[in-house]
1. Could you name the aspartates and glutamates whose alpha carbon sits less than 13 Å from that of B:Lys13, not counting residues in the same chain fewer than 8 places away?
2. Give me the distance between the Cα centres of region A:617-681 and region A:360-412, rounded to whole Å.
3. Among A:Lys508/A:Lys574; A:Lys201/A:Lys243; A:Lys384/B:Lys10, which pairs are too far apart, with a Cα-Cα distance over 28 Å?
4. Taking +1 at the Cβ of each Lys and Arg and -1 at the Cβ of each Asp and Glu, which of B:Leu60, A:Ile76, A:Val594 sits farthest along the dipole of the protein assembly as shown towards its positive end, judged by Cα position relative to the Cα centre?
5. Can you work out the Karplus-derived ³J(HN,Hα) for every residue in region A:335-348? Use 6.51 cos²θ - 1.76 cosθ + 1.60 with θ = phi - 60°, whole Hz, and x for glycine or proline.
6. Quote to one decimal, in nm, the extra length available between A:Ala451 and A:Thr684 on full extension: 0.36 nm per residue of separation minus the C-alpha distance between them.
7. Residues of region B:1-66: accessible area per residue at 1.4 Å, in Å²?
8. Let me know the mean shielding of A:366-374 by other chains, meaning the per-residue number of their Cβ atoms within 10 Å of its Cβ.
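The values are calculated or read from the model by the stated rules, or taken from the named source; none is laboratory data. This structure is a prediction, so every number in the text was calculated from the model and none was measured. Heads up, the Cβs are rebuilt from the backbone with ideal geometry, glycines too, and the neighbour counts pull from every protein chain shown. Quick note on the areas: whole protein, heavy atoms, side chains included, nothing else; ligands and nucleic acids left out. Shrake-Rupley method; radii C 1.70, N 1.55, O 1.52, S 1.80 Å.
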Amino acid sequence: MSKQLNVALIGNPNTGKTSVFNALTGLNQKVGNYPGITVDKKQGICKLSRGVKAHILDLPGTYSLNASSLDENVVIELLLNKNDKDYPDVAIIVSDVENLKRNLLLFTQIKDLKIPTILVINMSDLMTRKGISLDIELLEAKFHTKIALVSTRKNSGITELKQLIESYKTISTEPCLDTTSIDTDYFQSLEKAFPNQDVYKLWLVITQDANFGKITRQELDVSKFKTKSNQELKRLQQKEAIKRYQFINAILKEGQIIDRSKATGLRSKLDRLLIHKVWGYVIFFFILLSIFQAIYDWATVPMDLIDTTFASLAEWVKNTFPGGGKVTDLVAEGIVSGIGGIVIFIPQIAFLFLFISILEESGYMSRVVFLMDRVMRRFGLSGKSLVPLISGTACAIPAVMATRNIENWKERLITILVVPFTTCSARLPVYLIIIALVIPDGSIIGLSFQALTLMALYLLGFGMAIFSAYILDRILKTKHKTFFVVEMPNYKLPLLKNVIITVIEKTKTFVFEAGKIILAISIILWVLASYGPGDKFNNAESYIQTATSQTSNERNDQIAAFKLEHSYIGIVGKTIEPLIKPLGYDWKVGIGLVASFAAREVFVGTLATIYSVGSASEGENIDTIKTKMANETYADGSKVFTLASGISLLLFYAFAMQCMSTLAIVKRETKSWKWPILQLIGMTAIAYICALIAFQFLK
Amino acid sequence: MRLTIADLKKGEKGVITDSSSEDIPLKLLEMGCLPGNEVHLLQLAPFSDPMYLNVNDSFLAIRKETASLIVIEKIDE
C-alpha cells in the first residue's frame, strides 16, 4: 500500500477554502457526516508525485479556535485529539489576500498546536489590482511556515502547493509567539497541574468548556482545574487576541504594503444598490421570484419527462416479463414507480441549489441576511430562512435541504420544521378539485370566489409557517448561546466548478440518503394498495354483476374500485372512518387520505379509482370525478361533499404532514427521527383540529 | 457622554476605546473589534438594525444591541 498522509484544510469562511479543496481533489471527493451532528464532512484524495496520496479533509470554516457553533467545534475537537484517525500530518491554512491580517489570527493559533502548517494565500491574482504587495520570504521566516500563493480562479499555484504538502516534514513546528505571557502565573500553575500536557492545548480546552459548553473528552479532563471565573477567562481571551494582533501587525508592517488608492469601489457600489432600503428589497424580491419560477415552472419540463419515462419503463417491464406474476408487478409498479418517485425531485433540487450556490458564492447571501434579519429574527428565523420558505411553495424537499446554509442550528431547525406548511405544488391538484366542487361560482369585484379561495390557502400556509416559527422559537431551548455577527464578503463571480460540484453533491445526497426511506415506504404503500385479505379482494371479478349496458372499461373500473375497497389500504380507510367522520369524510375519502402519504396529489388518482372512473382519459377524468364526487351521498341521502366538508378537507390538506418524502429528508437533515415524528404528529394534529372546528361550525 | 458604535451615523468613523463588556461575542473581538481599532459605519438596514461596518479590514454586520456595547470615540473629519 502506498503511504497516505492526512491534510486538514482550515480557514475563515469566504476565503475560497472550498475552491482550494476542489482544485486539489477534483471530483475525487465525498461528503459524509461527523457522527451524531449535522455537519458535513468533506474529504477527498489528492494525488501527489510517486504514488503518494494525500487524504484531504475540508474542515468547516472558522474564524478562530474558539468555537461558537457546532461546525466550528468540529475543527477544535479534531485538532485537540491526536488519536483521531483524521488528525493532520500537516495543516493548510487558507487565507484571502485581502484579509490577511484576520486570517493570520487563526494561523497563529494553529501554529501554537505545533502542527506543521502551510499558509495558502488565495486570490493572489487580485494582488496587483488591489495594490497589495507581499514580502513572502520575510513572512515565511517570521511566521515559521511555508507560503503558497494560489489563485483557484486562474488555477495557479496548485502544483507548488502539492509540492509543499509532500515535503511537509521540512516545515517548522515552532509556534510564532508566546501567548502565555498574557498571564504568566496562570499558565505556570496550569503547567504544574498537568505536567505532561501541552499548555496551549490545555488553555484551549478550558476556554472551550467555558465558552461553548462541556464536551466529553477522553484525553483531557480539566474540570478539576478551575481557578478563574468565566468572566476572567474571557478577559484573558481578549488579551490573547490583542497580543496576537500586535504580533501580526508588527510583521505585516514590514512584509505587506497596501496601496489603498488602488482599492476598487466595486463593493461599495454594489452594496449601495443591493442593500438599499428600497431597491435592495425590490431586487431581492425579483431574485426570489425567479427562483420560484425556476422550480415551479422550468422544472416541470424535465419532471414530466421523468414521469413519462418511468411510466413507460414500468409498462415495458410488465410487457417483457408477462409470466412473472407478482414479482413482475412488484418490480414494475412497486420498485420502478418508487424509484421514479425519487428521481422526479431531482430537477427541482438541482435548480434550487444552482441558484443558492450562485447566491452564496457571489457573496449576495450575506446581504440577504442583512436585509431580512430584523423581520425574520422576531419569528426565530434567519434572514436566510426566506429562500427555503419561498422554495417550499414549489416543494418542501429541496427547501428543507436548502436550510443547510443557515449557520445557527436553532434557526435552521425551526425553518425545517415550518417549511412543510407552505403550499407545495403537490397540494394544488387536490385544492383545485375540491374548490371546483364546493366553492360556488361567482365573483366579487372581478375576482372569482374560487380564485380567492386558492389565494387564501396559499396565504394560510405561509401564515401558519410564520406563526408556528414564532411559537417554536419560544418553546425550543438551545444549549449554546447564539449571537449575530455576519461577515459581508467581497463580491465575486461564482466559480462554475464550485457551483456544479454543489449541485451534484446535493442531488446525490438526496437520491442516496433520503431516497432509501422514500423507496421503502412507497413499496409498503404499494403493497397495501395492491393486496388484500380474503375472497372479496382476490376474487373481485365474481362479485361484480355484469350489467347489460356496460362496456368492458366500465366493468374494469368497477372491479378496480371493489378491489381497492377490500385491499389493506381500503381496510385502513374504513377503520379510520369513525375518526374522520367528525371532520365530514367517509371511508372513501379516508382511503384517499392514507394513499396521499405517498404524495399528496395521489389523492385525486385514488378517488378516481374508488369512484370507478380510473380508465377515463385525463381531461375527462377530472370532470368525471367531479361529477361523481358531487353526486356522492350518504345512506340517508345527504351529500358527502358540501361546503362544510370541502372546507374541512382543504384545511386538512393545508396543514397535515402527509408527505413521506419530506419526512425522509427531515430525518436526513436533522440526523434523528425525533423531528420528523414531531412534525408528523404535530402538523396532523393541527390539521385535524382545524378541520374539525371548520366542519362542525359550517355544517 | 458615553458613545458607542450604535450612536454612529452612516459614513461616520470612530476609534474603539473599550470592548470588554461580557456580552460582546468573542468572535467579534477576534474579528478585530479591539481597543485602538478604527470603525467605519458603512450602511444601515431599515430602523438602523443591523449595522454594517468596517473594522480592522473586516466587513461585518452586527445587531444594534451588540453595537451599543462597544464604546468608541468619534473621529471628526
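1. Cross-link targets: B:Glu38, B:Glu73, B:Asp76, B:Glu77.
2. Answer, in whole Å: 28.
3. Numbers: A:Lys508/A:Lys574 39 Å; A:Lys201/A:Lys243 18 Å; A:Lys384/B:Lys10 25 Å.
With Cα atoms farther than 28 Å apart: A:Lys508/A:Lys574.
4. A:Ile76
5. 6, 4, 5, x, 5, x, x, 8, 4, 4, 7, 4, x, 5
6. Values: separation 233, 0.36 × 233 = 83.88 nm, distance 2.58 nm.
Here the answer is 81.3 nm.
7. Working: 2490 Å² over 66 residues.
Result: 38 Å² of accessible area for each residue.
8. On the way: counts 4, 3, 0, 3, 7, 4, 1, 5, 8.
Across the residues of A:366-374, the mean count of other-chain Cβ atoms within 10 Å is 4.
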